[in-house]
Amino acid sequence: MRLVVASGKGGTGKTLVATHLAGLAAGRGIEAVYADADVEAPNGHLFLAPAVEREERHALPLPVLPAGRCAACGACQDFCPYHAILVLPGAPDAPDAPGSVLVFPELCHNCGGCVRVCPSAALSEAPHEDGTLREGRAGPLRFLEGRLDVGEPRAAPLIRDLLRRIPADVFAVVDAPPGASCATTAALSGADRALLVTEPTPFGLHDLRAALRLCRAVEVPAAVVLNRADLGDDRPLRAFLDAERVPVLAAWRYDPDVAAAVARGELAARRVPWLREAAERLLDACLAPAEVDRP
């Protein structure tokens, strides 16, 4: 089973929920994997303290053009739907001079189509490093993480390759990027269920709507965890969920002891008994064929 823990906005407690579910599952003897797909700001390692066993750089193919080989025909430019490649013809006073190609790496989606349509076979591909993939263990729990390099604009390719490393027939908890962007869509790929973590605030409700729309668009059934449930008026949020028939699997209250444990980089359930009991019940609900929102 692959469970994606997501949220419409950052700071709702998504990683708190994800790390506890993965850690408690492994503690029960379940073969479990925690995959930190929040590659722009991964922080699950702060709470799980894994021993990293393998680390490798991740690279994507980018088109390159050796000098003097471009015929400036424009085939590659015409092919690219993302406008990631621009053909510059030769000098106006030298019509037979070779042209050149300008590549915008931040727009390139690495499909390789420009290389294939080039009639003179002038274009080739070279690897462009964009991040790091790490693997390890936190006790019985297998740990996976992606880290996007600073300045890289696209997280989805790194996330997709991270998810390919999740073995089949395990209980996998994917810690998704917050929001409802392309990165979150990539993290939801292959999910059996999504767990949306939210809070009883106007921003929490607004962004939960977006996250739920995304889950329905990619046909992933969803349920909700309401975190810090006692810090705001949860009636608008619950009314929305009732109207949309989305189940609330857990409602966790605010506790300064939980906040203090998180600030120390600890799994709070080890120090806060009620949270451990609540997280165990949530894990039971996630492992069972519980009611969820059906797209």
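The values are calculated or read from the model by the stated rules, or taken from the named source; none is laboratory data. Note that the structure is predicted; figures quoted are calculated from it, not measured. A quick note on method: Cβ atoms are made from the backbone with ideal geometry, for glycine too, and the neighbour counts reach across all protein chains shown.
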Residue within the range 150-171 that is within 11 Å of the chain's Cα centre (by Cα), in the same structural domain as LEU267 (by TED's automatic domain parsing) and β-branched (Val, Ile, Thr) present
yes
*asked:* One residue is enough: does the range 123-146 have a residue meeting the conditions part of a loop (DSSP other than H, G, I, E, B) and farther than 30 Å from ASP175 by Cα?
replied: yes
For the range 31-74, the count of residues that are over 30 Å from LEU283 (Cβ atoms) and part of a strand (DSSP E or B) equals 10
**Residue check, ASP38 over 30 Å from ARG142 (Cα atoms) and charged (D, E, K, R)** = no
Across the range 68-118, the tally of residues that are at pLDDT below 90, of a type in the set (Asp, Glu) and farther than 25 Å from GLU129 by Cβ stands at 2
For the range 27-38, pairs from a residue that is farther than 12 Å from VAL170 by Cα to a residue that is assigned to a strand (DSSP E or B) and among the aromatic types (Phe, Trp, Tyr), with Cβ under 7 Å and 6 or more apart or across chains, are none
Scanning the range 42-57 residue by residue, the ones that are touching a Lys or Arg at 6+ places or on another chain (Cβ under 9 Å) and either modelled with pLDDT under 95 or not acidic (Asp, Glu) (or both) total 6
- Query: Among the residues of the range 155-172, is there at least one that is more than 24 Å from ARG216 (Cβ to Cβ), assigned to a loop (DSSP other than H, G, I, E, B) and β-branched (Val, Ile, Thr)?
  - Reply: yes
Next on the checklist: When you scan the range 168-184, do you find a residue that is surrounded by 15 or more Cβ atoms within 10 Å (Cβ to Cβ) and on the phi > 0 side of the Ramachandran plot, even just one?
Outcome noted: yes
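This table checks each residue for (1) assigned by TED's automatic domain parsing to the domain that holds ALA187; (2) surrounded by fewer than 13 Cβ atoms within 10 Å (Cβ to Cβ); (3) under 30 Å from GLY8 (Cα atoms).
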residue	(1), (2), (3)
GLY23	yes, no, yes
ALA32	yes, no, yes
GLU40	yes, no, yes
ASN43	yes, no, yes
PRO81	no, yes, yes
HIS109	no, no, yes
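Yes/no matrix, rows are residues, columns are (1) surrounded by 22 or more Cβ atoms within 10 Å (Cβ to Cβ); (2) at pLDDT below 95; (3) closer than 19 Å to ARG2 by Cα:
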{"residue": "PHE203", "(1), (2), (3)": "no, yes, no"}
{"residue": "ARG209", "(1), (2), (3)": "no, no, no"}
{"residue": "LEU212", "(1), (2), (3)": "yes, no, yes"}
{"residue": "ALA217", "(1), (2), (3)": "no, no, yes"}
{"residue": "ALA222", "(1), (2), (3)": "yes, no, yes"}
{"residue": "LEU231", "(1), (2), (3)": "no, yes, no"}
{"residue": "ASP234", "(1), (2), (3)": "no, yes, no"}
{"residue": "ALA239", "(1), (2), (3)": "no, no, no"}
{"residue": "TYR254", "(1), (2), (3)": "no, no, no"}
